[in-house]
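Visitor: Structure below; questions to follow.
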């Protein structure tokens, strides 16, 4: 029998509690029109064995890669083994067999993934939920589950986090904030930082562009754990935070306050396919002492069109640094990073773009393109496996 209804009548916390007490086995789907997103949680005997949110679904192999737990060579080697006669083994099992990552670390990352999804779903106040009873053999994610988490422990941890969030909300209100290093004090005074290794790791990822979600993904730590570290850094004056502002439609296309005929000509050249002329125009503007976001963005687009993906990525990063609140910069950075194989940066940049462009009615096509690209990342393992199979064919 299906259990379903709107979240405004039965909160997600109560839904989890009901499935836990009744020891249900099956799939819970939670959808939100406001967020244009959907989450799925799999239960086996009341315990959570797998969870994902559509817009943030990343295979565990890529999570390990983004957080530096494995290298790109490690991942490529495991994929090659999988297509060369060992297709029955999962890539993650081959990585464990090779000794490049421990089973304990994989389980830790999987638990962080599940916790992140569940705690985000608990913040949804609108939407619709539906639970369908199934047997574990009906769902691959349940058959292949590596861990089983007590739903009661998730609910208790969720309640604890809500309480702690209320204490740090004055400085760290949500995961969308972007931390940046605080400017040097005018009096020149400095203090000795006494940080633990995990805190140094978070601090090293703070660049004024990444929000808390992106930083957590980069270091392979829980989002709430990273939020608490940033709260400590803000309290001690090491870091400042800001919340990205929604932008109007005019900001989706980068246009500097002062008209620049060189850049206007360069943008026209780019639109007509004269990519070298567009690049020359961008470089001319930059050489004239105007290192603005518009010129950087034009250079990035021209370089990407010319197939110079590494250079395009560097210019796109500079464009975002020049104007971090412009959606177009994050849009270009996302695709430049994807072309260069930097999928962690691509996903983080696309998430920034979606937040900045959310209220722009003129960016519908770009938003749809980015959502399609992010969903494609979830299928990346299959695409790369097929590529390796073709190469070794």
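The values are calculated or read from the model by the stated rules, or taken from the named source; none is laboratory data. From a predicted model like this one, the values you see are computed outputs, not experimental measurements. Here the Cβ is made from the backbone with ideal geometry for all residues, glycine too, and neighbour counts use every protein chain on show.
Visitor: Determine, yes or no, whether residue 14 is out of contact with any strand residue (DSSP E or B) (no Cβ under 6 Å at 6 or more places or on another chain) and within 23 Å of residue 132 (Cβ to Cβ).
Guide: Answer is yes for this residue.
Okay, residues lined up against (1) farther than 15 Å from residue 41 by Cα; (2) touching a helix residue (DSSP H, G or I) at 6+ places or on another chain (Cβ under 9 Å); (3) modelled with pLDDT under 90; (4) not assigned by TED's automatic domain parsing to the domain that holds residue 52:
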{"residue": "77", "(1), (2), (3), (4)": "yes, yes, yes, no"}
{"residue": "83", "(1), (2), (3), (4)": "yes, yes, yes, no"}
{"residue": "86", "(1), (2), (3), (4)": "yes, yes, yes, no"}
{"residue": "92", "(1), (2), (3), (4)": "yes, yes, yes, no"}
{"residue": "102", "(1), (2), (3), (4)": "yes, yes, no, no"}
{"residue": "111", "(1), (2), (3), (4)": "no, no, no, no"}
{"residue": "114", "(1), (2), (3), (4)": "no, yes, no, no"}
{"residue": "121", "(1), (2), (3), (4)": "no, yes, yes, no"}
{"residue": "134", "(1), (2), (3), (4)": "no, yes, yes, no"}
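Visitor: Same structure again: Within segment 235-256, track down each residue that is modelled with pLDDT of 50 or more and more than 23 Å from the chain's Cα centre (by Cα). If you could, list the steps in order and put the result at the bottom.
Guide: Looking only at segment 235-256, we keep the residues that are modelled with pLDDT of 50 or more, and these are 235-245.
Matches in segment 235-256: 235, 236, 237, 238.
Visitor: With the structure loaded, tell me whether residue 298 is at pLDDT 80 or above, assigned by TED's automatic domain parsing to the domain that holds residue 270, surrounded by fewer than 23 Cβ atoms within 10 Å (Cβ to Cβ) and farther than 27 Å from residue 91 by Cα or whether it fails that test.
Guide: Working: at pLDDT 80 or above: yes; assigned by TED's automatic domain parsing to the domain that holds residue 270: yes; surrounded by fewer than 23 Cβ atoms within 10 Å (Cβ to Cβ): no; farther than 27 Å from residue 91 by Cα: yes.
Criteria not met by residue 298.
Visitor: A further question follows. Would you be able to say whether some residue in segment 153-171 is modelled with pLDDT of 90 or more, touching a helix residue (DSSP H, G or I) at 6+ places or on another chain (Cβ under 9 Å), in the same structural domain as residue 58 (by TED's automatic domain parsing) and part of a helix (DSSP H, G or I)?
Guide: Just the residues of segment 153-171 that are modelled with pLDDT of 90 or more, to begin with: 153-154.
From what is left, the residues that are touching a helix residue (DSSP H, G or I) at 6+ places or on another chain (Cβ under 9 Å) are 154.
Within this subset, residues satisfying the condition of being in the same structural domain as residue 58 (by TED's automatic domain parsing) are 154.
Keeping just the survivors that are part of a helix (DSSP H, G or I) gives 154.
Yes.
Visitor: Have a look at 139, 70, 149 and point out the one that is crowded, with 17+ Cβ neighbours inside 10 Å and under 23 Å from the mean Cα position of the chain (by Cα).
Guide: Working: 139 fails: under 23 Å from the mean Cα position of the chain (by Cα); 149 fails: under 23 Å from the mean Cα position of the chain (by Cα).
Only one candidate passes the filter, namely 70.
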